[in-house]
Amino acid sequence: MKYELVIFDLDGTLLNTIGDLAASVDYVMRSRNLPEHSDAEYRQMVGGGIKRLVERALPPELAKDEAYVEDCVTQFRRYYVENIDRHTVPYEGMAELLRDLRRRGVQVAVASNKFQHGTDRLVSKFFGDIDFVAVEGNREGAPLKPDPQIIHNILTKAGVDASRAVMIGDSGIDIRTAQAAGIASVGVAWGFRFAEELYDAGATDVVTTAEELRQLIL
């Protein structure tokens with residue numbers, strides 16, 4: 001095997017979550033008589049955690065008001081937790097790939113900037129039969145990607161050297177996280193960003209299907 005550990009981003013890599021994220025932010029915007037956004041616009045806003053998503057969705061003058069942003073984040077989180085899986089679906093072939101990796105003895109993990117409770121809920125619902133060595137989301141005191149701490153935590157839990165691990169993600173943030181942690185990375189072009197962003201971040205490989213990914217990492 002090329003790798004002993006494969007670490008996956010969640011939103012835009014394993015799961016298409018944009019519909020529920022967009023609906024939840026739009027709920028906040030609508031309740032405050034603020035402009036809503038298209039799914040395409042939200043794809044460019046996600047990736048940096050809930051607070052950053054809300055800041056990007058708000059008009060610039062309101063995004064500078066820390067108390068206002070925090071109030072919006074609280075409102076978003078409450079609505080999103082209640083509606084987290086209405087539109088969310090796994091990307092084609094990803095559940096099968098996870099099972100194949102485990103059958104071959106390769107450890108798998110999730111490294112997400114989504115809050116920990118939401119990450120746990122979605123992984124449990126859609127990949128409950130998968131034995132993940134770690135499911136790491138954002139929690140208080142933990143830095144967001146591209147800080148490499150999340151990868152270091154997973155490597156420690158898995159007992160795997162950085163040279164035997166690879167990060168799979170759909171954004172430049174994921175590629176930079178892998179670089180900062182000293183592990184290999186592969187970009188996926190089916191998520192929320194474009195292949196150009198992945199290459200610009202330093203990705204050497206970008207795939208368009210789960211089968212291409214399988215062939216590259218196995």
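The numbers here are math on the coordinates, done by the rules we state, and not lab data. Since the model is a prediction, treat every value here as computed from it, not as a measurement. Note that each Cβ is placed from the backbone with ideal geometry, even for glycine, and that neighbours are counted across all protein chains shown.
Starting with the fewest neighbours, write out Leu21, Leu144 ranked by other beta-carbon atoms found within 10 Å of each beta-carbon.
Leu144, Leu21
Determine the sum of side-chain charges near Ala109: Lys and Arg each +1, Asp and Glu each -1, restricted to other residues whose C-beta is under 10 angstrom from that of Ala109.
0
Which whole-number percentage describes the relative contact order of the range 18-82, with Cα contacts under 8 Å and a sequence gap of 6 or more?
Worked out over the range 18-82, it gives 35 percent.
Take the alpha-carbon positions of the chain, form their convex hull, and give its projected area averaged over all directions (one quarter of the hull surface) in nm².
The number I arrive at for the chain is 11.2 nm².
Rounded to the nearest 500, what is the 222 nm mean residue ellipticity of the chain from helices alone, with -39500 (n - 2.57) per DSSP H run of 4+ residues and division by all residues?
Roughly -14000 deg cm²/dmol at 222 nm, from the helical runs in the chain.
Counting only pairs 8 or more places apart or on different chains, how many lysine pairs in the chain have C-alpha atoms closer than 16 Å?
Close lysine pairs found across the chain: 5.
Over the range 96-179, what is the relative contact order in percent, taking alpha-carbon pairs closer than 8 angstrom and at least six residues apart?
Once divided by the residue count of the range 96-179, the mean separation gives 26 percent.
How big is the antiparallel share of DSSP beta bridges in the chain, given as a percent to the nearest 5?
10 percent
For Glu66 and Asp205 in one chain, what is 0.36 nm times their gap in residues minus the Cα-Cα distance, to one decimal in nm?
Extending this stretch completely gives an extra 46.2 nm.
Order by neighbour count: Glu70, Glu36, Glu82, Glu136, fewest other Cβ atoms within 10 Å first, most last.
Glu82, Glu70, Glu36, Glu136
Just want the ordering: Arg77, Arg193, from fewest to most Cβ atoms lying within 10 Å of their own Cβ.
Lowest count first: Arg77, Arg193.
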